[in-house]
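Following this message is one structure expressed as structure tokens.
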Amino acid sequence: MGTTTAHRQGYRSLFWPVVLIATGVIWLLYNAGILNPENLVVLFRLWPLLLIAVGLDLLIGRRSQVVGTLIGVGTVLLILVLMIVGPSIGLTGPSLEVRLDQYAEPVEDATSATVRLDLSVAQTNITPLTNTENLFTADVSHVGDMNYEVTGQAEKHITLSEDNSSIMNGTNFLAGLIRIDEEDLYWNIGLNPDIPLKLHINSGIGEGNFDLSDMQLIDLSINGGIGQTNLQLPSVDSPYNVDINNGAGELNLSIAEGAALNLNIKGGVGNVTIDVPDNAAVRIEGDTGIGNIEVPSGFQRLSDDDDQGVWESLNFNEAARQIIITYDGGVGNMTIH
């Protein structure tokens, strides 16, 4: 006696194709200026509607293409309508208040300093002070609560951070940030170029421009965030250490003439470009990760491993002042100029 196998005909839901098409249309309307940041804030706050729609599609939409399509189209239409009328009926939520604070710490008896910056959402600029009566200054435009702490006398420890816990209420914080112009949020930091300095930076979101070319740098560590980092390193009497854990964004680094340092870079997502002085004594130990390592043509390669390499300038072993670069690659290229 023969057997028969029953095959149940299923339907492929059109829910996700409809949602993807709608996402593209919304993005085009925003780029064309038809939708504004207020409309995107409403969209951001309405994300739970998408979860409800996904649940409905899983529950009943997979039984019929018609039902799945109706769920997708209905969800998109509802979100579009709410995006358009949302700003007028208060769906954008509360606005975040941008505040400006200023800090200044005089040199007094300080002979050295350790500065820690816990950055937030802002463009950060670090420059040398022209008024050397101050050890540290900061002009900060921000939305959270600032924490500023100074301890010590001969060796001063300065910490500046932003605490967003009081305003980070669900989607309100991120939705509020969408409505703030990037240029309205900034950290402008001034450091005394005559005082030996240890600097520790925990980056946030935004571009970082760190001009340390005139600083008496002892030690530097940077934990990368999201955004491009532009860093200028000094030449000082003694060799110093620089540790960079790159985040997501390009890292552009320039080293002053006559510098001697140990530079350790852990790659994140983004290209790393290092400008070394002409005729500098340089050694590079690199792991490519997902990307390449490019060095000047005059460098000698000391290893044959495709994924790892060691390169030296011809004058490295005889030089009194050396630059040693250790690179643990992430996603992106490292280029030495």
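Can you compute 3J(HN,Hα) from phi for each residue in the range 198-209, using the Karplus curve 6.51 cos²θ - 1.76 cosθ + 1.60 with θ = phi - 60°, rounded to whole Hz and x for Gly and Pro?
My calculation for the range 198-209 gives 10, 10, 10, 10, 9, 6, x, 10, x, 6, x, 10 Hz in order.
Here's a follow-up. So, in Å, what gap is there between the alpha-carbon centers of the range 98-158 and the range 272-313?
Going from one Cα centre to the other spans 36 Å.
Within a 10 angstrom radius of the beta carbon, how do Asp237, Asp287 rank from fewest other beta carbons to most?
Exposure proxy ranking, most exposed first: Asp237, Asp287.
Then there is this: Report, to one decimal in Å, the Kirkwood hydrodynamic radius for the chain based on all distinct Cα pairs.
So the Kirkwood estimate lands at 23.9 Å.
Hey, another quick one. Would you work out the charge dipole size for the chain about its Cα centre, treating the Cβ of every Lys and Arg as +1 and the Cβ of every Asp and Glu as -1, and quote it to the nearest 20 debye? Intermediate results must be reported in sequence, preceding the final value.
Working: 14 positive and 40 negative charges, 499 e Å.
The calculated dipole for the chain is roughly 2400 debye.
Now for a different question. Where a ≥ b ≥ c are the square roots of the eigenvalues of the C-alpha gyration tensor, would you call the range 15-89 rounded, which needs a/c under 1.5, or, failing that, prolate if a/b is larger than b/c, or oblate? Walk me through the intermediate numbers first.
Values: a/c = 2.80, a/b = 1.86, b/c = 1.50.
Judged from the Cα gyration tensor, the range 15-89 comes out prolate (a/c at least 1.5, a/b above b/c).
Taking the mean number of other Cβ atoms within 10 Å as a proxy for protection, how do you rank 121-127, 310-316, 148-154 from highest to lowest?
121-127, 310-316, 148-154
Please list, ordered by chain and number, the residues whose modelled amide H lies under 5 Å from the amide H of Asp275; skip anything fewer than 5 residues away on the same chain.
Correct list: Leu253, Ser254, Ile255, His337.
Also, I was wondering about something else. Which residue, Gly72, Ile126, Leu35, has the largest displacement toward the positive end of the dipole of the chain when charges sit on each Cβ (Lys, Arg +1; Asp, Glu -1)?
Gly72
Each reported figure results from applying straightforward, stated rules to the coordinates on display, with no laboratory input. Source: prediction; values computed, not measured. Backbone-built Cβ (ideal geometry, glycine too); neighbour counts: all protein chains shown.
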